[in-house]
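Asks: Dropping the structure in here first, questions after.
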């Protein structure tokens, strides 16, 4: 009988469906915001005071947050700059996939549709610490879907 071990979360790939990116543009140290939830509406029925009906609404999604060491020349940052400074939006698909030890997809790919940047930030500069500068990209998106491996 085979023993199941849950996958590790430190080996993953991020792929932007955006032209002009180099390999280093898609290397991140952290991806957060991998969540979805359904809204709930409570409906009180007249004459029935013991409970209210809870009905599902549309899905809600948190922003996708990507962190990496600062790149000086990056096509991804130019894409963000166009949106944040020039209001030129070019929504793209972003795929996040867990990988196994041989760099093959371990399971489903999480495909985020119509992503666009809503925030770009740098970590603080501190003379008393010897840490790398981390840039954070925050992306809003319309919806996501799981694509079977």
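Since every read-out is calculated from the coordinates, none of them should be taken as a lab result. Note that this is a predicted model, so its numbers are computed, not measured. Every residue, glycine as well, gets a Cβ built from its backbone with ideal geometry; the counts of neighbours run over all protein chains shown.
Asks: Provide the packing ranking of 137-148, 38-49, i.e. peptides ordered by the mean count of other C-beta atoms within 10 Å per residue, highest first.
Replies: Working: 137-148: 15.3, 38-49: 8.6.
Averaged packing, sorted descending, gives the order 137-148, 38-49.
Asks: Rounding to the nearest 10 and keeping the result within 0 to 90°, find how far the Cα-based axis of helix 75-86 lies from the longest principal axis of the chain.
Replies: Roughly 60 degrees, rounded to the nearest 10.
Asks: Order these by the 10 Å Cβ neighbour count, fewest first: 119, 102, 67.
Replies: On the way: 119 13, 102 6, 67 16.
The order, fewest Cβ neighbours first, is 102, 119, 67.
Asks: Another one. If each residue of separation counts as 0.36 nm, what is the full-extension length gain between residue 24 and residue 104 once their alpha-carbon separation is subtracted? If you can, show how the numbers build up before the last one.
Replies: Numbers: separation 80, 0.36 × 80 = 28.80 nm, distance 1.87 nm.
That pair, residue 24 and residue 104, stretches by 26.9 nm at full extension.
Asks: Residue 119 to residue 5: FRET efficiency via 1/(1 + (r/R0)^6), r the Cβ-Cβ distance, R0 30 Å, to the nearest 0.05? All intermediate terms of the calculation are to be shown ahead of the outcome.
Replies: Details: r = 36 Å, r/R0 = 1.19.
That gives a FRET efficiency of 0.25.
Asks: Given a Förster distance of 22 Å, report the FRET efficiency between residue 60 and residue 93 from their Cβ-Cβ distance, rounded to the nearest 0.05.
Replies: On the way: r = 20 Å, r/R0 = 0.89.
Efficiency for this residue pair is about 0.65.
Asks: The stretch 37-65 to the stretch 1-30: how many Å between their Cα centroids?
Replies: Between the Cα centre of the stretch 37-65 and that of the stretch 1-30, the gap is 34 Å.
Asks: Also: How much space per residue, in cubic angstrom, does the convex hull of the C-alpha atoms of the stretch 53-149 take up? Provide the component values of the computation, followed by the final result.
Replies: On the way: hull volume 18.5 nm³, N = 97.
Dividing the Cα hull volume of the stretch 53-149 by its residue count gives 191 Å³.
Asks: Quick one: if you stick a label point 7 Å off each Cα along the C-beta vector at residue 44 and residue 78, how many nm between them?
Replies: Inter-label distance under the simple model: 5.8 nm.
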